[in-house]
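Data first, discussion second: the structure below is written as structure tokens.
Values quoted throughout were computed directly from the atomic coordinates according to the rules given, and no laboratory measurement underlies them. Note that the coordinates shown come from a computational prediction; the quantities given were computed from them, not determined experimentally. Positions of Cβ are backbone-derived with ideal geometry, glycine not excepted, and every protein chain shown enters the neighbour counts.
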Amino acid sequence: MFDELSKEHEVDVYAANGNTVFPDMPPFDPNVFYDRGILNHAACLTFLRKRASIGRTIFTSHGVIPGAEKPVDGADVYVSVSEEVQAQRAKEGYESVVIRNPINLDKFNATKPSFKLGKVLWLSNNPRSKEKLIRGATRGLRLKIIGRDNQQRDVRSSIMWADLVIGLGRSAYESMSMRRNVIVLDYKGADGFVDLDTIMEFRKSNCSGRRYAENWNIPRLAEELHKYNPDIGHSLRAYIAENNNVETIAEQYLCL
């Protein structure tokens, strides 16, 4: 979002633990009046609502579980990244609009994967929970796999290497943008193989694995892996271009 918004606007960045996380981005200036404040995490909103001059404040909630995603008073508009998050925020007394995760289509772009499934990328922040399942299924099908033991810092290059990606949330969207096959699966459970029909349901829970939260065994995951189809790569990319394009998402935020 920073790169996209910076094309036509001056954008400063505030981080609760200091701007050392984003050293190349201009830091928040308490002496500046900001037309818009697009904020994530309750700590940022709590701090800035008393110390910043902002014309209109927008708070985005990215999940239903982490405490930092729970909104607090002080924003003019509340945004949820999925219908699941929207419903949870409503229960807590905060009405919100759904704006989905932005994906940079220029950065996450690639040709379709190989004709035959051979390489699987496993992206997870909690890999131990499904390690036995994923390694068992890929080993049984004699597939090459990266993940778990070697943290993937260059996610784009790792997705480029793979034919199919197992993961959730942003990793699923970025992989779809790169025309890769995707299986939504992580520590909260499994939703399944992504195609143009299933994504409409999976996205309601932000491709988190919680839409159906199935508990698979090795044969069940192998069954999903057998659905591999390189021909759907272009349609998955088209879906992301229509629903998650960072250019469109940035404009939706500015219009709130």
request  = Please give, to one decimal in nm, the separation of the simple spin-label points placed at S235 and Q252, each 7 Å out from Cα toward the Cβ.
outcome  = 2.2
inquiry  = Taking a ≥ b ≥ c as the square roots of the Cα gyration tensor eigenvalues, with a/c under 1.5 meaning rounded and otherwise prolate when a/b beats b/c, else oblate, which class fits the range 119-243?
reply    = rounded
remark   = Per DSSP, the loop-located chymotrypsin sites (Phe, Trp or Tyr not before Pro) within the range 139-206 having at most 15 other beta carbons within 10 Å are Y187
inquiry  = Rounded to the nearest 5, what % of DSSP beta bridges with both residues in the chain are antiparallel?
reply    = 15
inquiry  = Per 0.36 nm of contour for each residue apart, how much would the distance between E131 and N109 grow if the chain were fully extended, relative to their Cα-Cα spacing?
reply    = 5.1 nm
key: Fraction of beta bridges assigned by DSSP in the range 119-243 that are antiparallel (%, nearest 5)   = 35
ask   = In this model, which of K70/K144; K132/K227; K7/K116; K7/K130; K50/K204; K188/K227 are farther than 29 Å apart at the alpha-carbon?
value = K70/K144; K7/K116; K7/K130; K50/K204
note = Expected unfolding gain across L141-V98 under the 0.36 nm per residue rule, minus the alpha-carbon gap, is 11.6 nm
key: Cβ-derived FRET efficiency at R0 45 Å, E10 paired with Y187, nearest 0.05   = 0.70
remark   = Dividing the helical contributions, -39500 (n - 2.57) per DSSP H run of n ≥ 4, by the residues of the chain yields a 222 nm value, nearest 500 deg cm²/dmol, of -8500 deg cm²/dmol
key: Kirkwood Rh, Cα atoms: Rg over Rh of the chain   = 0.99
remark   = So the FRET efficiency between R156 and K91, C-beta based with R0 = 25 Å and rounded to 0.05, is 0.10
